[in-house]
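**Q** Okay, here's the structure, questions in a sec.
The values are calculated or read from the model by the stated rules, or taken from the named source; none is laboratory data. Predicted model, so just to flag it, every value in this text is computed and none were measured. Counting neighbours? That spans all protein chains shown, and the Cβs are built from the backbone with ideal geometry, glycine included. For accessibility, only protein heavy atoms count, side chains too; no ligands or nucleic acids. Shrake-Rupley method; radii C 1.70, N 1.55, O 1.52, S 1.80 Å.
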Amino acid sequence: DIQMTQSPSSRSASVGDRVTITCRASEDIGDYLNWYQQKPGTAPKLLIYGASNLQTGVPSRFSGRGSGTEFTFTIDSLQPEDFATYYCQKYDPIPPTFGPGTKVDI
Amino acid sequence: EVRLVESGGGFVQPGRSLRLSCAASGFIFDDFPVSWFRQAPGKGLEWVGFIRTRGFVLYNVTTEYAASVKDRFSISRDNSKGIAYLQMNSLKVEDTGIYYCTRVAPLAGNDYWGQGTLVTVSS
């Protein structure tokens with residue numbers, strides 16, 4: 001199975017900061033890469049699909065880019081509600097596989 | 001509004017069975033595959049299994065499972081009711097976690113998630 005890695009595993013940041021997370025796949029996955037946000041006690045929420053497409057209703061300060069094996073996720077001007085754990089996920093073909101997550105905290 | 005609601009979780013002893021349900025609304029249920037994921041306490045997200053739509057059966061196979069649950073778990077769906085099920089047999093302590101169902105969209109993958117249901121396996 002394809003393995004997904006993320007860096008950093010955690011990131012301390014302040015409101016207004018720009019935060020970038022990197023995700024790498026062990027094999028070429030094209031652009032079948034999603035980014036999710038998860039807050040404690042809640043389900044993951046899709047932010048970016050197909051590596052760079054913003055899910056409906058998601059603020060434009062979130063963005064993603066990349067293809068093949070290397071991807072980046074960026075939050076421009078971090079807001080208080082953005083403190084959470086972020087996961088990348090390769091979703092096609094099966095099995096869908098997640099990275100280990102990046103916790104963004106204050 | 002797309003909505004998925006899981007139910008059926010609870011406390012169960014090792015070796016016993018449990019059936020989870022995922023009730024869908026706000027979209028044409030028949031048109032979308034469904035995946036189940038789980039998350040052990042304080043851990044990351046793990047795929048459990050997947051069921052295709054009636055109209056797309058690959059090599060006569062409608063379901064796929066993670067190796068860790070294959071032969072113990074099974075997924076089914078009742079399109080007339082808009083419900084997907086996860087039947088979990090021979091449960092192990094390591095099956096403990098929150099179980100989520102998701103819709104699988106053609107270009108966006110697992111785009112909508114339920115709120116999850118907690119399964120605790122312990123003696």
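**Q** Can you give me the long-range amide H partners of residue A:13? Hydrogens built in the peptide plane at 1.01 Å from N, cutoff under 5 Å, separation of 5 or more residues or another chain.
**A** Those lying under 5 Å, H to H, from residue A:13 are A:105, A:106.
**Q** Computed over the Cα atoms, what is the radius of gyration of chain A divided by 2.2 N^0.38 Å, N being its residue count?
**A** 0.98
**Q** For a quick check of understanding: with a 1.4 angstrom probe and all protein chains in place, what accessible area in square angstrom does residue A:24 have, to the nearest ten?
**A** Here the accessible area works out near 100 Å².
**Q** Applying 1/(1 + (r/R0)^6) with R0 = 41 Å to the Cβ-Cβ distance of residue A:79 and residue B:90, what FRET efficiency is obtained, to the nearest 0.05?
**A** Rounded to the nearest 0.05, the efficiency is 0.35.
**Q** Could you tell me the relative contact order of segment A:7-85? Use alpha-carbon pairs under 8 Å, at least six residues apart, and round to a whole percent.
**A** In percent, rounded to a whole number, it is 37.
**Q** What FRET efficiency do you get for residue A:13 and residue A:42 if R0 is 25 Å and r is their Cβ-Cβ distance, rounded to the nearest 0.05?
**A** 0.80
**Q** Quick one: compute the contact order of chain B, relative version, from alpha carbon pairs under 8 angstrom and 6+ residues apart, as a percent.
**A** 36
**Q** Of all beta bridges DSSP finds with both residues in chain A, what is the antiparallel percent, to the nearest 5?
**A** In chain A, DSSP labels about 90 percent of beta bridges as antiparallel.
**Q** What three numbers, in Å, describe the spread of the alpha carbons of chain B along their principal axes, ordered from the longest?
**A** Dimensions of chain B along the principal axes of its Cα atoms: 41, 33, 26 Å.
**Q** State the dimensionless ratio Rg/Rh of segment B:70-123 (Rg: radius of gyration of Cα atoms; Rh: Kirkwood radius).
**A** Result for segment B:70-123 is an Rg/Rh of 1.02.
**Q** Where does the charge balance sit around residue A:90 when Lys and Arg score +1, Asp and Glu -1, over other residues with C-beta under 11 Å from its C-beta?
**A** It works out to a net charge of -4.
**Q** How large a share of the accessible area of segment B:12-100, in percent, is made up of carbon and sulfur atoms when the probe is 1.4 Å and the other protein chains stay in place?
**A** That fraction is 50 percent.
**Q** In debye, nearest 20, what is the charge dipole magnitude of the protein assembly as shown about its Cα centre with +1 on Lys and Arg Cβ and -1 on Asp and Glu Cβ, if you could check?
**A** Using only the charged Cβ atoms, the result is roughly 480 debye.
**Q** At 1.4 Å probe size, with no ligands or nucleic acids counted, give the accessible surface of residue A:33 in Å², nearest ten.
**A** So the heavy atoms of residue A:33 present about 0 Å² to solvent.
**Q** Let me ask another. Taking beta carbons within 10 Å but only from partner chains, what does the mean come to for residues B:11-23?
**A** Going residue by residue through B:11-23 and averaging, the value is 0.
**Q** Carbon-plus-sulfur fraction of the accessible area of segment A:13-71, 1.4 Å probe, in percent?
**A** Reported share for carbon and sulfur atoms: 42 percent.
**Q** What size of dipole, in debye to the nearest 20, comes out for segment B:16-100 about its Cα centre when the only charges are +1 on Lys and Arg C-beta atoms and -1 on Asp and Glu C-beta atoms?
**A** In debye, rounded to 20, segment B:16-100 gives about 200.
**Q** Then there's this: Mind ranking B:93, B:5, A:19 by accessible surface for me, highest first, 1.4 Å probe?
**A** B:93, B:5, A:19
**Q** Then there's this: Where only protein heavy atoms count, and the probe is 1.4 Å, what is the accessible area per residue for segment A:12-106 in Å²?
**A** 44
**Q** Which residue, B:85, B:100, B:112, has the most motion in a Gaussian network model of chain B that connects Cα atoms within less than 10 Å?
**A** Comparing B:85, B:100, B:112 in the GNM, the peak value goes to B:112.
**Q** In square angstrom, rounded to the nearest 10, how much accessible surface does residue A:17 have for a 1.4 Å probe?
**A** Around 50 Å² of this residue is reachable by solvent.
**Q** Further question: Distance between Cα centroids, segment A:33-62 to segment B:51-123: provide it in whole Å.
**A** 22
**Q** Something else about it: So how far apart, in nm, are the two label points at residue B:28 and residue A:92 if each is 7 Å from Cα heading toward Cβ?
**A** 1.8
**Q** Continuing with this model, one more query. Quote the total accessible area buried by chains B and A together, excluding ligands, DNA and RNA, probe 1.4 Å, nearest 100 Å².
**A** Chain pair B/A: roughly 1300 Å² of buried accessible area.
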